[in-house]
Amino acid sequence: MRRVLGMRGTVQVTTSGFRQEAAEAFAELAKLVYKGASYAEIYDAVCRTAVSVVPGCDHACVTTMRAGRRTVCEAASDETARRFDHFEGETGEGPCLDAILTEEFELDPDISERTAWPRLAERTLAELPIRGVAGYRIITGEQKVGALNLLSDTPGALTDDSATIGAIVAAFASVALTAATEQRTVESLRNALDSNREIGKAIGILMTTHHISDDDAFAMLREASNRLNVRLGELARQVVDSHESHGASPS
């Protein structure tokens, strides 16, 4: 089932006839995650992938929703897609908004006919070449909710096959962005552990050097951090490096 001309539903996803270039494009997306690419780079890659592999898709954009239903266009394949996203925000309706709020796939292969988004269609038909639209809900970095919009300049060009491949792109986008978030979480935890280790070493050095308690040593380190406007972990590392450069080892 799918949403067409205002009818809601879900996409039945199969891999029949899925093209080799799609697999290659997804491999490139995976490489971005593994190399620690920013969310912006992943958003851009998702848009490029959609235009490259989804039959009938001429433009694509990724939008997230913030507090108060405020939408933000995170990436767009071109200015046409970016303007369409802006029109959705101005009119308060469209496949992106519905996909986010209803968690359902949204498709209208020809907005010049009967459509679920009349205000958006009127604005779009007057100013853009877009005729067919589709929207998929995705989970974007840090558990923010967003949507992938697929846009076509040709009425009826977004077909069942387009919907299937678009769903795979959207699903892969969610996986890639979730993986990027998890990778950043692991890196943050690792950095925190490293910082805490350095702070512990610095406290030990200060205790031995000044013959003070651990509480006093920590207070001394924190006061110096505030006074010098240097992060506590960085200052601790400097204390440890300075101590070790003089041939001593922390207590």
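Read-outs throughout are calculated quantities, based only on the coordinates presented, and are distinct from any laboratory measurement. Predicted, not measured: the structure shown is a model, and the values here were computed from it. Using ideal geometry, Cβ is built from the backbone for each residue, glycine included, and neighbour counts are taken over all protein chains shown.
Numerical summary
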read-out: Within-12-Å neighbourhood charge of residue 83 [Cβ basis; K, R +1; D, E -1]; value: -4
read-out: Convex hull volume of the range 70-124 per residue (C-alpha atoms, cubic angstrom); value: 90
read-out: Neighbour-count ranking [beta-carbon atoms within 10 angstrom, fewest first] of 221, 148, 101; value: 101, 221, 148
read-out: Length released on extending from residue 209 to residue 231, taking residue separation times 0.36 nm less the Cα-Cα span; value: 5.7 nm
read-out: Packing-based exposure ordering (other Cβ within 10 Å, fewest first) of 243, 210, 59; value: 210, 243, 59
read-out: Loop trypsin sites (Lys or Arg not before Pro), the range 38-127 (other Cβ atoms within 10 Å of the site Cβ: 13 or fewer; DSSP); value: 66, 70, 114
read-out: Sparsely packed GluC sites (Glu not before Pro) within the range 74-108, loop by DSSP, other Cβ within 10 Å at most 14; value: 103
read-out: Debye-sum result for the range 20-184 in log10 I(q)/I(0), which assumes one identical scatterer on each alpha carbon, at q = 0.08, 0.11, 0.17, 0.19 Å⁻¹; value: -0.20, -0.38, -0.92, -1.14
read-out: Packing-based exposure ordering (other Cβ within 10 Å, fewest first) of 72, 51, 46; value: 72, 51, 46
